[in-house]
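Structure first, commentary second.
Every number here is computed from the coordinates shown, using simple stated rules; none is lab data. A quick note: this is a predicted structure, and the numbers were derived from the prediction, not measured.
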Amino acid sequence: MSAAVEEPTVVRSYQRIFRPDRRIYQVDGRTLPIPGGIPLRWLGWALFSLLAGMLLASGTRLTAVALAGAAGLLAVRAGRARLAPALGAAAVLGCVVVGEMMSTVDWPMRLIVMPALVATVMTQVTPDGRAVHRYLAGWVRARLQGWRSIGESTSDVGPEHRTSHTVRVAPDEHTPILLRARIDGPAMVMFARPVWVRRGRRARVTVRPLDTASGARGLVLDDVRLAQGERLMVRP
């Protein structure tokens, strides 16, 4: 008895399994003349673009104010509150320009062609493997917050906090000799070998090698965690 061995297949994403694409194949028992049916997401984007085009073409002040508020809120949430007025003004200007362009377009183009085109782009195009609106949101957020490398944290929103990272001595595995040093907390200090640790008064922690601290009181540790305000003194 032998079994056929098939070649392995690479599965790049399980998104379609957990998020199925719902489609409309029939209306009142009649099959639509579209292969594969019409996705519900396509209908949603078409309706959204149709309503947005009608609002922009109407040129109401409420639409411009809403877009300006959304742009300002995006800048505030991204930690760039200073850019909120500029983004709000740009949103108002864009609303006026696009509204004038939409008002000059004939109704078949504005009510049929453009919504179908926008819906097709939003459902079919996947830049960087993501939906268009998610990609654009990430692109805008990256421009507002600034680029950063992998592993670097973004700057905190709020008052500035300054921390000191000065370490006077940093022996490694090539020179595992305990040298004299002073480290202020908060910090996590790790040693290549176990050392004798003693916590004294005034939030001071004394560290000495085991061979020079025989018979003394304290703990034998290979790492010391310092709280805020504590100072570690390494004495060879």
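Things to note:
- Between amide H atoms placed 1.01 Å from N, distances below 5 Å from residue 205 occur with 200, 231, 232, 233, all of them 5 or more places distant or on a separate chain.
- Residues whose placed amide H lies under 5 Å from that of residue 21, excluding near-sequence neighbours: none
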